[in-house]
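The values are calculated or read from the model by the stated rules, or taken from the named source; none is laboratory data. As the structure is a prediction and not an experimental result, all values here were calculated from the model. In this analysis, Cβ positions are derived from the backbone assuming ideal geometry, glycine residues included, and neighbour counts consider all displayed protein chains. Surface areas here come from the heavy atoms of the whole protein model, side chains and all, with no ligands, DNA or RNA. Shrake-Rupley method; radii C 1.70, N 1.55, O 1.52, S 1.80 Å.
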Amino acid sequence: MIGIEFFTKIKLLGIESGVVEFSYASSDFVPVILIEFYDEDTGFNYVLESIILGEFCPTKESYIIGDFNLSRIKNSDGAKMAKKLLVEKGKTMEIELVSKAKKFAQEIRERSGIPVEVIPKLKGSPEVATEYDQNMCNAGQVLGGIFDDY
(Lines give C-alpha, C1' and ligand atoms only; values in the text may rest on other atoms or scores of the structure.)
Protein backbone atom coordinates (compact mmCIF):
# COMPACT_ATOMS: atom_id res chain seq x y z
CA MET A 1 0.00 0.00 0.00
CA ILE A 2 1.29 3.40 -1.00
CA GLY A 3 1.37 6.17 1.61
CA ILE A 4 -1.05 9.10 1.47
CA GLU A 5 1.82 11.61 1.05
CA PHE A 6 2.39 10.24 -2.45
CA PHE A 7 -1.18 10.99 -3.54
CA THR A 8 -1.08 14.42 -1.87
CA LYS A 9 2.02 15.31 -3.93
CA ILE A 10 0.33 14.09 -7.11
CA LYS A 11 -2.65 16.36 -6.46
CA LEU A 12 -0.51 19.35 -5.43
CA LEU A 13 1.68 19.06 -8.54
CA GLY A 14 -1.28 18.45 -10.84
CA ILE A 15 0.18 15.26 -12.31
CA GLU A 16 -2.02 13.90 -15.08
CA SER A 17 -0.21 10.64 -15.96
CA GLY A 18 2.85 8.64 -15.07
CA VAL A 19 5.00 5.57 -15.49
CA VAL A 20 5.93 2.82 -13.05
CA GLU A 21 9.35 1.42 -13.85
CA PHE A 22 12.08 -0.53 -12.11
CA SER A 23 15.83 -0.09 -12.30
CA TYR A 24 19.11 -0.92 -10.61
CA ALA A 25 20.56 1.51 -8.09
CA SER A 26 23.04 1.53 -5.22
CA SER A 27 22.42 2.42 -1.60
CA ASP A 28 25.42 2.62 0.75
CA PHE A 29 27.46 0.43 -1.61
CA VAL A 30 24.72 -2.24 -1.64
CA PRO A 31 23.01 -2.88 -5.00
CA VAL A 32 19.23 -2.50 -4.98
CA ILE A 33 16.34 -2.58 -7.43
CA LEU A 34 14.00 0.39 -7.17
CA ILE A 35 10.36 0.37 -8.25
CA GLU A 36 9.57 4.01 -9.00
CA PHE A 37 6.75 6.22 -10.19
CA TYR A 38 7.88 8.86 -12.67
CA ASP A 39 6.11 11.75 -14.41
CA GLU A 40 7.92 13.12 -17.46
CA ASP A 41 6.02 16.42 -17.54
CA THR A 42 6.91 17.57 -14.02
CA GLY A 43 10.00 15.44 -13.39
CA PHE A 44 8.35 14.07 -10.23
CA ASN A 45 10.02 10.84 -9.10
CA TYR A 46 8.89 8.70 -6.16
CA VAL A 47 10.37 5.41 -4.92
CA LEU A 48 7.53 2.97 -4.31
CA GLU A 49 9.72 0.08 -3.15
CA SER A 50 13.42 -0.71 -2.71
CA ILE A 51 14.59 -4.33 -2.98
CA ILE A 52 18.09 -5.15 -1.71
CA LEU A 53 19.98 -7.61 -3.88
CA GLY A 54 21.94 -10.35 -2.19
CA GLU A 55 21.30 -12.14 1.07
CA PHE A 56 22.17 -10.74 4.46
CA CYS A 57 24.86 -12.79 6.23
CA PRO A 58 24.84 -12.16 10.00
CA THR A 59 28.34 -13.58 10.52
CA LYS A 60 29.86 -11.22 7.93
CA GLU A 61 27.47 -8.39 8.88
CA SER A 62 26.91 -7.56 5.23
CA TYR A 63 25.11 -8.65 2.09
CA ILE A 64 26.53 -11.48 0.00
CA ILE A 65 25.83 -12.95 -3.42
CA GLY A 66 27.36 -16.28 -4.25
CA ASP A 67 30.87 -16.27 -2.78
CA PHE A 68 31.13 -12.47 -2.82
CA ASN A 69 30.75 -10.24 0.21
CA LEU A 70 29.32 -7.10 -1.42
CA SER A 71 31.05 -4.78 1.04
CA ARG A 72 34.48 -6.42 0.69
CA ILE A 73 35.11 -6.93 -3.03
CA LYS A 74 38.87 -6.87 -3.47
CA ASN A 75 39.44 -6.12 -7.18
CA SER A 76 37.73 -5.37 -10.49
CA ASP A 77 37.66 -9.06 -11.48
CA GLY A 78 35.66 -9.83 -8.36
CA ALA A 79 33.40 -6.86 -9.11
CA LYS A 80 32.73 -8.19 -12.63
CA MET A 81 31.82 -11.63 -11.30
CA ALA A 82 29.57 -10.18 -8.58
CA LYS A 83 27.92 -7.93 -11.18
CA LYS A 84 27.26 -10.96 -13.37
CA LEU A 85 25.60 -12.78 -10.46
CA LEU A 86 23.51 -9.70 -9.66
CA VAL A 87 22.32 -9.43 -13.28
CA GLU A 88 21.30 -13.10 -13.21
CA LYS A 89 19.41 -12.53 -9.95
CA GLY A 90 17.70 -9.48 -11.47
CA LYS A 91 16.59 -11.51 -14.50
CA THR A 92 15.07 -14.20 -12.28
CA MET A 93 13.19 -11.51 -10.33
CA GLU A 94 11.83 -9.76 -13.42
CA ILE A 95 8.44 -11.57 -13.47
CA GLU A 96 7.90 -10.77 -9.79
CA LEU A 97 8.93 -7.14 -10.36
CA VAL A 98 6.46 -6.74 -13.23
CA SER A 99 3.72 -8.17 -11.03
CA LYS A 100 4.53 -5.73 -8.20
CA ALA A 101 4.75 -2.81 -10.63
CA LYS A 102 1.32 -3.66 -12.06
CA LYS A 103 -0.16 -3.77 -8.55
CA PHE A 104 1.33 -0.36 -7.76
CA ALA A 105 0.05 1.05 -11.06
CA GLN A 106 -3.44 -0.31 -10.37
CA GLU A 107 -3.48 1.25 -6.91
CA ILE A 108 -2.32 4.60 -8.29
CA ARG A 109 -5.01 4.50 -11.01
CA GLU A 110 -7.73 3.69 -8.47
CA ARG A 111 -6.73 6.18 -5.79
CA SER A 112 -5.65 9.14 -7.93
CA GLY A 113 -7.62 8.64 -11.14
CA ILE A 114 -4.67 9.18 -13.48
CA PRO A 115 -3.49 6.81 -16.23
CA VAL A 116 -0.33 4.91 -15.29
CA GLU A 117 1.80 2.82 -17.64
CA VAL A 118 4.11 -0.01 -16.53
CA ILE A 119 7.45 -0.44 -18.26
CA PRO A 120 8.15 -4.20 -17.95
CA LYS A 121 11.94 -4.03 -18.49
CA LEU A 122 14.62 -3.81 -15.81
CA LYS A 123 16.72 -0.71 -16.60
CA GLY A 124 20.40 -0.12 -16.04
CA SER A 125 22.96 -2.43 -14.50
CA PRO A 126 23.91 -3.12 -10.89
CA GLU A 127 26.72 -1.06 -9.41
CA VAL A 128 29.32 -2.82 -7.28
CA ALA A 129 32.08 -1.01 -5.40
CA THR A 130 35.46 -2.52 -4.64
CA GLU A 131 37.20 -1.75 -1.35
CA TYR A 132 39.34 0.80 -3.22
CA ASP A 133 36.22 2.59 -4.53
CA GLN A 134 34.71 2.66 -1.05
CA ASN A 135 37.92 3.99 0.51
CA MET A 136 38.23 6.71 -2.15
CA CYS A 137 34.62 7.77 -1.62
CA ASN A 138 35.12 7.93 2.15
CA ALA A 139 38.35 9.90 1.72
CA GLY A 140 36.56 12.32 -0.60
CA GLN A 141 33.88 12.87 2.02
CA VAL A 142 36.46 13.47 4.75
CA LEU A 143 38.65 15.77 2.67
CA GLY A 144 35.79 17.48 0.87
CA GLY A 145 35.45 20.36 3.31
CA ILE A 146 39.13 21.25 3.70
CA PHE A 147 39.21 23.99 1.05
CA ASP A 148 35.78 25.41 1.83
CA ASP A 149 37.28 28.23 3.90
CA TYR A 150 39.10 29.86 0.97
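Given the DSSP H assignment, sum -39500 (n - 2.57) over each helix run of at least 4 residues in the chain and divide by its residue total; what's the result at 222 nm in deg cm²/dmol, nearest 500?
Taken over the chain, the calculation gives -14000 deg cm²/dmol.
To the nearest Å, what is the center-to-center distance of the stretch 9-37 and the stretch 84-115, using C-alpha atoms only?
Using only Cα atoms to place each centre, the spacing works out to 11 Å.
With every protein chain left in place, what is the accessible area per residue of the stretch 1-87 in square angstrom, probe 1.4 Å?
Normalised by residue count, the accessible surface of the stretch 1-87 is 57 Å².
Shape verdict for the chain, please, from the Cα gyration tensor: rounded (a/c under 1.5), prolate (a/b greater than b/c) or oblate. Walk me through the intermediate numbers first.
On the way: a/c = 2.69, a/b = 1.49, b/c = 1.81.
Because a/c hits 1.5 or more and a/b fails to exceed b/c, the chain counts as oblate.
If the only charges are +1 at each Lys and Arg Cβ and -1 at each Asp and Glu Cβ, what is the size of the charge dipole of the stretch 33-129 around the Cα centre, to the nearest 20 debye? Please list the in-between numbers first.
Values: 15 positive and 16 negative charges, 80 e Å.
It works out to roughly 380 debye.
Full extension from Ser26 to Ile2: what is 0.36 nm times the residue separation minus their Cα-Cα distance, to one decimal in nm?
Result for the pair: 6.4 nm of gain on full extension.
Please list the non-local residues whose amide H lies under 5 Å from the amide H of Leu48, H modeled 1.01 Å from N, same-chain partners needing a gap of 5 or more.
For Leu48, the qualifying residues are Ile35, Glu36, Phe37.
Listed highest first by mean packing, meaning other Cβ atoms within 10 Å per residue, what order do 19-25, 88-94 come in? It would help to have the intermediate numbers written out before the result.
Numbers: 19-25: 20.0, 88-94: 14.1.
Highest mean packing first, the order is 19-25, 88-94.
Under a straight-distance cross-link criterion of Cα-Cα below 26 Å, which lysines are reachable from Lys103, leaving out those fewer than 8 residues away in the same chain?
Lys9, Lys11, Lys89, Lys91, Lys121, Lys123
Just the number, please: carbon plus sulfur as a percent of the accessible area of the stretch 1-125, 1.4 Å probe, no ligands or DNA/RNA counted.
53 percent
Suppose each label sits 7 Å from its Cα in the direction of the beta carbon; what would the Glu88-Glu117 distance come out to in nanometres?
Roughly 3.4 nm, to one decimal.
For Ile73, list long-range residues whose amide hydrogen, built 1.01 Å from N in the peptide plane, is under 5 Å from its own amide hydrogen.
Glu131
For the chain, what is the relative contact order in percent, using Cα pairs closer than 8 Å and at least 6 residues apart in sequence?
30 percent
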